[in-house]
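These notes are about the structure you will find just below.
The values are calculated or read from the model by the stated rules, or taken from the named source; none is laboratory data. These numbers were taken from a predicted model, which means no experiment stands behind them. Backbone-built Cβ (ideal geometry, glycine too); neighbour counts: all protein chains shown. Accessible surface is based on the protein model in full, side chains and every heavy atom, while ligands, DNA and RNA are left aside. Shrake-Rupley method; radii C 1.70, N 1.55, O 1.52, S 1.80 Å.
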Amino acid sequence: MATTPRTSLRLALYLRVSTGGQLDGYGLDTQEADCRRWANKNGHRIVAVRTDGAVTGKSTDDERAGLTEALAILADGQADGLLAPNLDRLARELTVQEAALSVIWAYGSRAFTADHGEHLADDEDDPMRTFVRHVMGAAAQLERGLIVKKLKGGRRAKAAKGGYAHGAPAYGQRAADKELTVDDDEAAVLAQMRAWQTEGLSIRAIAAKLNEAEIPTKRGGMWHPTTVNRLLSPDARAAARRQSAQARAAERELTKRQRADKILSRLT
């Protein structure tokens with residue numbers, strides 16, 4: 001564990017929780033208590049506290065307002081360093097974490113976490129320093145990924161057995177006590193749609209008849225041919241799911257790059 005000099009430093013405290021509700025129960029109050037305990041033990045003063053809570057991770061704006069403000073405090077010389085509970089709270093993704101550390105060091109400031117002490121700036125004469133930090137960050141990111149994978153696998157297994165796993169129930173179903181059950185009204189509408197299809201009505205004609213009858217969709221909106229097609233065609237449903245999954249994956253990658261770019265832009 002890195003040691004820190006006994007010189008009293010002014011520290012900006014940064015705390016973060018995510019939309020996942022922090023399954024480990026490590027909330028803002030507990031994070032702050034741990035950080036203040038570490039600061040007091042090492043003779044440092046916390047001069048500012050900035051937090052980010054319930055960040056969606058999907059915004060194209062700078063969703064890390066708290067981190068932005070904490071870095072601005074360092075840039076203005078109002079604090080000598082930044083203190084966080086651990087590097088995972090500084091940033092979830094390794095790329096963003098490294099970008100944030102680069103900004104801190106570029107300001108001539110110092111980076112501390114309550115679980116480690118000081119994270120020294122990269123030094124070409126000590127490549128192991130950077131390597132160890134990267135390995136630890138990658139291991140933490142891998143652990144989070146495995147947890148997410150396990151949760152998703154459990155949901156898929158439950159869904160395969162006919163149980164209700166997650167997400168909005170399909171048209172004709174509703175969730176009750178965490179289980180799927182038949183929605184009688186929607187099931188009747190779905191049966192009528194299939195009957196019209198058997199009679200030879202086109203998908204567009206079925207959508208028109210539903211709208212004429214003022215029958216709402218699952219979300220209360222108007223019917224469109226693509227919506228009807230997904231309900232009546234298994235192939236269309238599968239294609240829609242694949243397309244949605246690909247779009248979500250692309251959005252996640254874009255968000256990661258945007259986060260890192262925003263932090264790195266502060267260097268210029």
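Across the stretch 169-216, what is the number of residues that are of a type outside the set (Phe, Trp, Tyr) and assigned to a helix (DSSP H, G or I)? Before you say what the answer is, go through the steps one by one.
If we filter the stretch 169-216 for residues that are of a type outside the set (Phe, Trp, Tyr), which is where we start, we get 169-170, 172-195, 197-216.
Okay, now just the ones that are also assigned to a helix (DSSP H, G or I), so 184-195, 197-198, 203-212.
Counting residues in the stretch 169-216 that are of a type outside the set (Phe, Trp, Tyr) and assigned to a helix (DSSP H, G or I) gives 24.
Out of the residues in the stretch 207-225 that are out of contact with any helix residue (DSSP H, G or I) (no Cβ under 8 Å at 6 or more places or on another chain) and open to solvent by 80 Å² or more (accessible area, probe 1.4 Å), which is modelled with the lowest pLDDT?
Out of the qualifying residues, it is ARG219.
Just to be sure I understand the filter: pairs with C-beta atoms under 7 Å, separated by 6 or more residues or on different chains, first member in the stretch 201-223 and closer than 17 Å to ASP185 by Cβ, second member not basic (Lys, Arg) and not in a loop (DSSP other than H, G, I, E, B). Which pairs pass?
Within 7 Å, the pairs are LYS209/TRP196; ILE215/VAL189; THR217/THR227; TRP223/ALA207; TRP223/LEU210; TRP223/ASN211.
Take the stretch 80-110 and flag every residue that is in contact with a Phe, Trp or Tyr (Cβ under 9 Å, 6 or more places away or on another chain) and under 15 Å from LEU9 (Cα atoms).
Listed by number, the residues that qualify are GLY81, LEU82, LEU83, ALA84.
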